[in-house]
Each structure stands twice: as structure tokens, then as C-alpha cells.
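Asks: Take this structure first; my questions come after.
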Amino acid sequence: MRYVGVVVFVGMMVGASAASADPVFGLWQTQPDKGVYYHVQMQACGGKICGVFRQKFENGAKVASDVVGKNAMFDMVATGNGEYKGKAWRPSNGKTYNGSGTLSGNALKIGGCVLGGLICSKQTWKRLK
């Protein structure tokens, strides 16, 4: 029984260290949406990847927002070759999208759909740090 616990612990540590080195981690700026954009921190969240809203901007000025601290992206997993699958929440319409992302240098292309692909949205984010 003790051996099983050690194996599980080692497996968790290997997964955590692999996730901590993911190239998508860092601070990103979303594409403006009706003059509003956000800074989003991509990070490890319980063995997966999430993106947390850190700051809201309207027409270039910092503004307070109740979305700061909430997840923009969640349940993301790397699928290889700079591609990701997960979920995205868009504050401007309150919808959660089944999404995907593609990392290419300092650009992260995010896309997602609801209603079986009936309504889709895309953005390109740029890396800040």
C-alpha cells in the first residue's frame, strides 16, 4: 500500500513539474473587444492550465472590474505542437466556450464555440511577459 502512495506522489510531482514549464505560461493581453481588453495570467491550476484575469482596461485606461481574479481560460491541456484544448469564458457576453488555442511565438490564438459550433468567437492574444 505504501508503494502505491509513493508511485502516485511521484506521478503527481512529474506532472506538476512538466506543467510548470509550459511555454504558454506568462502574462498575456487579450484582443480588444469593444474598446475593452484584459491582462490574463496563464498558469498551472490543479494539473491543468488556466488563465486568470489580472487587470481590465477600457480605451487604454486601467479600470476596476469584478472579473479580476476569475478564470478567462480553464481546464486547458496541452495537446502537442503548441496546441491546447479547454474552456474559455468571455465576460462581454457571459458565455463559456469549448475552446482551443495555438501558441506561436508571442501570439496565442484562442477560438471557441457554443451550441455545437453555431456561435464561435476568435481572438489573438499577445504576450506581455
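Every read-out reported here was derived from the displayed coordinates using simple, explicitly stated rules and does not represent laboratory data. Model, not experiment: these values are computed from the prediction. Because the Cβ atoms are built from the backbone with ideal geometry, glycine has one as well, and the counts that use them run over all protein chains shown.
Asks: Modelling each spin label as a point 7 Å along the Cα-to-Cβ direction, I'd like the Val67/Cys45 distance in nm, to one decimal.
Replies: In this crude spin-label approximation the distance works out to 1.4 nm.
Asks: Give, rounded to the nearest 20 debye, the magnitude of the charge dipole that the stretch 52-129 has about its Cα centre when Lys and Arg contribute +1 at Cβ and Asp and Glu contribute -1 at Cβ. Mind showing how you got there, number by number?
Replies: Working: 13 positive and 4 negative charges, 41 e Å.
With Lys and Arg at +1 and Asp and Glu at -1, about 200 debye.
Asks: A further question follows. Would you mind calculating the gained length between Val114 and Leu128 on full extension (0.36 nm times residue separation, minus the Cα-Cα distance), in nm to one decimal?
Replies: Numbers: separation 14, 0.36 × 14 = 5.04 nm, distance 2.86 nm.
Length gained, Val114 through Leu128: 2.2 nm.
Asks: Over 21 Å between Cα atoms, which of Lys85/Lys126; Lys62/Lys85; Lys87/Lys126; Lys95/Lys129; Lys62/Lys129; Lys56/Lys95 qualify? Each step should come with its number before you reach the end.
Replies: Working: Lys85/Lys126 18 Å; Lys62/Lys85 30 Å; Lys87/Lys126 19 Å; Lys95/Lys129 27 Å; Lys62/Lys129 18 Å; Lys56/Lys95 18 Å.
Pairs exceeding 21 Å: Lys62/Lys85; Lys95/Lys129.
Asks: Something else about it: Kindly write out, for the stretch 52-66 in residue order, the coupling ³J(HN,Hα) from the Karplus curve 6.51 cos²θ - 1.76 cosθ + 1.60 (θ = phi - 60°), rounded to whole Hz, with x marking Gly and Pro.
Replies: Working through the residues one at a time gives 9, 4, 10, 7, 10, 10, 10, 6, x, 9, 5, 9, 6, 7, 6 Hz.
Asks: Would you mind checking which residues have amide H under 5 Å from Gln55's amide H? H placed 1.01 Å from N; only 5 or more apart, or other chain.
Replies: Residues meeting the criterion, in which the H sits 1.01 Å from N, are His39.
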